[in-house]
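Reading through the structure tokens given below for one structure.
The values are calculated or read from the model by the stated rules, or taken from the named source; none is laboratory data. No experiment lies behind these values; they were computed from the predicted model shown. Cβ coordinates were reconstructed from backbone atoms using ideal geometry, including for glycine residues, and neighbour counts include every protein chain displayed. Surface accessibility is based on the protein's heavy atoms, side chains included, excluding ligands, DNA and RNA. Shrake-Rupley method; radii C 1.70, N 1.55, O 1.52, S 1.80 Å.
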Amino acid sequence: MIADSGNVYGDRVMPGAVKLAGLLGHGASKDKVSGTATIANPVYGLSGQLNMGCYKQSLDTVDLSGEDACNYSISYTTERPNYTVSTRVVNLEGIKPYDGKVTFDASFFGDNGIISGVGSETLKLIGTGFVTSPNVEDGRQQLIPGDLRLTDGANGGLARNYTLVDGAHFATIITKKPR
């Protein structure tokens, strides 16, 4: 049996724990065999990260270890996908010069709308969000994402591996144009 497991996109892949049944012997004389699960049919992005989605896990003879492992042969894949790679949450922090408006165009975030992802991946932000006050003196405000959304970027940055949902989004209006 392989336990359910998962990770957030870009984090270390940690397959589920393996529980082997039917080993010979019992107690201290039980055969010493353990196994390490792998992801069955993994789909990696250009950056080498396991893409967001649900995967089955597998265990084969080559995945067995222990002093008695050579006495066993196994080929097993979970019946259902039980390894989940979740989307990575992207937090937005924007800054723009005072213009009397509460709207924040995507270009006011990251590097002119280019957002950093995992490693060297980038994403493109498009759309418009807004804050509740157009005033400089209100400082850093919570951003309402509006129709802001992520699209595919460079270096393997796939938008489907990321989300703005549940992110901490903020924006600041200043009196001078940002550099």
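Annotations for the structure displayed:
- In this structure, the amide hydrogen of ARG88, modeled 1.01 Å from its nitrogen in the peptide plane, lies closer than 5 angstrom to those of TYR9, TYR162, THR163, counting only residues at least 5 positions away or on a different chain.
- If you plug the beta carbon distance of TYR98 and THR151 into 1/(1 + (r/R0)^6) with R0 = 25 Å, you get a FRET efficiency near 0.30.
- Other-chain or far-sequence residues with amide H under 5 Å of THR128's (modelled H): ASP147, LEU148
- FRET efficiency, 1/(1 + (r/R0)^6) with R0 35 Å, evaluated for ALA168 and CYS54 via beta carbons: 0.85
- The 3J(HN,Hα) values that the Karplus relation (6.51, -1.76, 1.60; θ = phi - 60°) gives for the stretch 121-130 are, in residue order, 5, 10, 10, 9, 9, 10, x, 9, x, 8 Hz. Gly and Pro appear as x.
- Under-30-angstrom lysine pairs by C-alpha in the stretch 1-123, whenever the two are 8 or more apart or on separate chains: 5
- Taking the stretch 135-179 and a reference point 7 angstrom along Cα→Cβ of THR128, the backbone N atoms nearer than 15 Å belong to 144-149.
- Accessible surface, the chain, averaged per residue in Å² (probe 1.4 Å): 58 Å²
- Integer Hz, Karplus 6.51/-1.76/1.60 couplings in order for the stretch 58-68, x for Gly and Pro: 9, 9, 10, 3, 5, 8, 8, 9, x, 5, 9
- Applied to the stretch 26-34, the Karplus parametrisation 6.51 cos²θ - 1.76 cosθ + 1.60 on θ = phi - 60° returns per-residue 3J(HN,Hα) values of 7, x, 5, 8, 5, 3, 9, 9, 9 Hz, with x for Gly and Pro.
- Listed candidates [x] 1.00; [y] 0.96; [z] 1.23 - label of the one calculated as Rg/Rh (Cα atoms, Kirkwood Rh): [z]
- Label point distance in nm, TYR72-ASP31, each placed 7 Å from Cα along Cα→Cβ: 0.7 nm
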